[in-house]
Amino acid sequence: MSIIRFGVSLEKELLEALDNYASDNHFNNRSQAIRNLINNNIVTSKWQCNNIVAGSITLVYDHHKRELLPHLTGLQHEYHHVILSSQHFHLEEDLCMEIIAVKGKAFILTELADKLIAVKGIQHGKLTMSRAD
Ligand code: NI
């Protein structure tokens with residue numbers, strides 16, 4: 001892969017934000033940080049497409065939170081056609097982790113993950129996807 005150099009003009013605040021991002025993520029230089037940001041952006045935009053992808057949605061939550069479980073179950077039934085399986089792990093006294101394996105159109109999986117992660121009481125949520133067509 002050939003490397004092309006180009007100049008970038010940025011506001012001072014944006015440059016500071018870039019440098020913070022680079023140091024927080026242990027990048028060696030700004031180029032590496034920018035490369036990573038662009039790649040993330042491209043991956044995220046692909047997630048809105050019609051490609052068939054497979055992946056997982058990881059959720060971490062406190063199962064004592066009222067209405068959380070019925071809400072999670074309801075959403076999973078609504079999207080049953082893209083859910084392959086799910087597994088529940090009791091991490092601590094209160095803390096649960098659920099990993100939901102999914103396959104389907106990228107934008108539908110993104111929609112499902114966004115809804116699940118937005119459920120009140122979810123402490124952490126993440127969707128990962130790989131092309132599967
Ligand atoms: Ni549990």
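Every Cα-Cα pair of the stretch 52-131 was included, and the share exceeding 22 Å stands at 17 percent. Compute the label zone of residue 60 within the stretch 107-131: residues whose backbone N is under 16 Å from the point 7 Å along Cα-to-Cβ. Residues passing the 16 Å test: 117-118, 121-128.
Accessible surface for the stretch 52-131, divided over its residues, is 59 Å² per residue with a 1.4 Å probe. Measuring r between the beta carbons of residue 4 and residue 123 and using R0 = 30 Å, the FRET efficiency lands at 0.10.
The Cα atoms of the stretch 1-107 define a convex hull whose projected area, averaged across directions, is 10.9 nm². Checking the Cα-Cα distances for 12/126; 65/105; 105/126; 103/126 against a 26 Å cut-off, the pairs over it are 12/126; 65/105. Within the accessible surface of the stretch 57-100, defined with a 1.4 Å probe on protein heavy atoms only, the carbon and sulfur portion equals 52 percent.
Ellipticity at 222 nm from helices only: DSSP H runs of n ≥ 4 in the chain, each -39500 (n - 2.57), divided by the residue count, give -12500 deg cm²/dmol. In terms of accessible area, using a 1.4 Å probe and ignoring ligands and nucleic acids, 9, 130 rank largest first as 9, 130. Going 7 Å from the Cα of residue 108 toward and past its Cβ, which residues in the stretch 37-80 have a backbone nitrogen under 16 Å from where you end up? So the set is 47-57, 75-80. For the chain, the longest principal axis of the C-alpha atoms and the axis of helix 68-78 are separated by about 90°.
The values are calculated or read from the model by the stated rules, or taken from the named source; none is laboratory data. Computed from a prediction, not measured in an experiment: that's the story for all the values here. As a convention, Cβ positions derive from the backbone with ideal geometry for all residues, glycine included, and neighbour counts pool all protein chains shown. These accessible areas exclude ligands, DNA and RNA; they are computed on the full protein's heavy atoms, side chains included. Shrake-Rupley method; radii C 1.70, N 1.55, O 1.52, S 1.80 Å.
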